[in-house]
Amino acid sequence: MSKAELIQKVSDETVIPRAIVAKVLASFLEAVTKTVKKQGKITVTGFGTFTKVKRKARKGRNPRTGEPVKIKASTTVKFKAGKTMKEAL
């Protein structure tokens, strides 16, 4: 499902105009991004937890040539589904 499809679905189910749903979703995503960046973790009860994780530098392989490649250290986000979501699946 794309972002536009999500906005349309929420709009249809709640009878809230798409423009307002789009603003709310954008605000939610921005809040999650800023909180994870600043505090390292955000938990949405029943949905899941977003956590900032640091990956160490490591060696990999170029799949096309098989040649060894150095992969730089990076920071990414890990998502762990909450109890309610796990049960729904």
(request) Report the residue count in the stretch 41-63 for those that are in contact with a strand residue (DSSP E or B) (Cβ under 7 Å, 6 or more places away or on another chain), exposed (fewer than 10 other Cβ atoms within 10 Å of the Cβ) and of a type in the set (S, T, N, Q). (result) 1
(request) Of all residues in the stretch 41-61, count the ones that are within 24 Å of L89 (Cα to Cα), assigned to a strand (DSSP E or B) and not polar (S, T, N, Q). (result) 5
(request) State which residue pairs qualify: first residue at negative phi and inside the stretch 1-18, second residue of a type in the set (S, T, N, Q) in any location, beta carbons under 7 Å apart, and separation of 6 or more residues or different chains. (result) P17/S11; R18/Q8; R18/S11
(request) For G66, state whether it is over 12 Å from the mean Cα position of the chain (by Cα), more than 18 Å from A81 (Cα to Cα), small (G, A, S) and surrounded by fewer than 13 Cβ atoms within 10 Å (Cβ to Cβ). (result) yes
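Could you pull out the residue among V53, V69 that is more than 29 Å from I7 (Cβ to Cβ) and β-branched (V, I, T)? Please lay out each step first, then the result.
Values: V53 fails: more than 29 Å from I7 (Cβ to Cβ).
Exactly one residue qualifies, and that residue is V69.
Looking at the stretch 69-89, which of the residues that are charged (D, E, K, R) and surrounded by 10 or more Cβ atoms within 10 Å (Cβ to Cβ) is nearest to the chain's Cα centre (by Cα)? Working first, answer last.
Filtering the stretch 69-89 down to residues charged (D, E, K, R) leaves 70, 72, 78, 80, 83, 86-87.
Add one more test, that the residue is surrounded by 10 or more Cβ atoms within 10 Å (Cβ to Cβ), and what stays is 78, 80, 83, 86.
Details: K78: 8, K80: 10, K83: 17, K86: 16 Å.
Per the stated criteria, the residue is K78.
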(message) Test of understanding: among K78, K52, which residue is charged (D, E, K, R), within 30 Å of F28 (Cβ to Cβ), in contact with a helix residue (DSSP H, G or I) (Cβ under 7 Å, 6 or more places away or on another chain) and not assigned by TED's automatic domain parsing to the domain that holds F28?
(response) K52
(request) With the checklist (1) of a type outside the set (F, W, Y); (2) assigned to a helix (DSSP H, G or I); (3) surrounded by 12 or more Cβ atoms within 10 Å (Cβ to Cβ) in hand, flag the one item K38 doesn't pass. (result) (3)
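The values are calculated or read from the model by the stated rules, or taken from the named source; none is laboratory data. Computed from a predicted structure; not experimentally measured. Ideal geometry is used to build each Cβ from the backbone, glycine not excepted, and the neighbour counts take in all protein chains shown.
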